[in-house]
Amino acid sequence: MARLTGGVRRVSRWTDSPSCTPGPDQAVPSLSYHGAAPPLSVLPRTMRTVANFDPLNYAVRALQDPWFGYGITGTNLIVLAGIAVAGGTGAALLFRRH
């Protein structure tokens, strides 16, 4: 339930927790290795290898490939669909009601 306290709208009690708000130490590393900025082609081989295991990398590629004229690549969409199915199945099993 949303409520007004002190002129700040609070959506839930969890939004005040420092662990729920990503800081620069969490956001900057993600930006540096998934390929949105800088491009993967200028990163060292180790960073490119790490990026291949990051789901956000496949989302960035799925958006960038058609934009740069490479067309829609099925690999990126299949990986994203697999992640969505795995995450949805895991969530359904974890949060199911008896």
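None of the figures in this text is laboratory data; all of them are computed from the coordinates on show. Note that the structure is predicted; figures quoted are calculated from it, not measured. Cβ: placed from backbone, ideal geometry, glycine included. Neighbour counts: every protein chain shown.
Some points to look at:
- Cβ-based exposure ranking for 60, 42, in which fewest neighbours within 10 Å come first: 42, 60
- Placing dummy labels 7 Å off each Cα toward the beta-carbon, the span from residue 46 to residue 63 is 2.8 nm.
- Extension gain, residue 54 back to residue 84 (0.36 nm per residue minus Cα-Cα distance, nm): 9.4 nm
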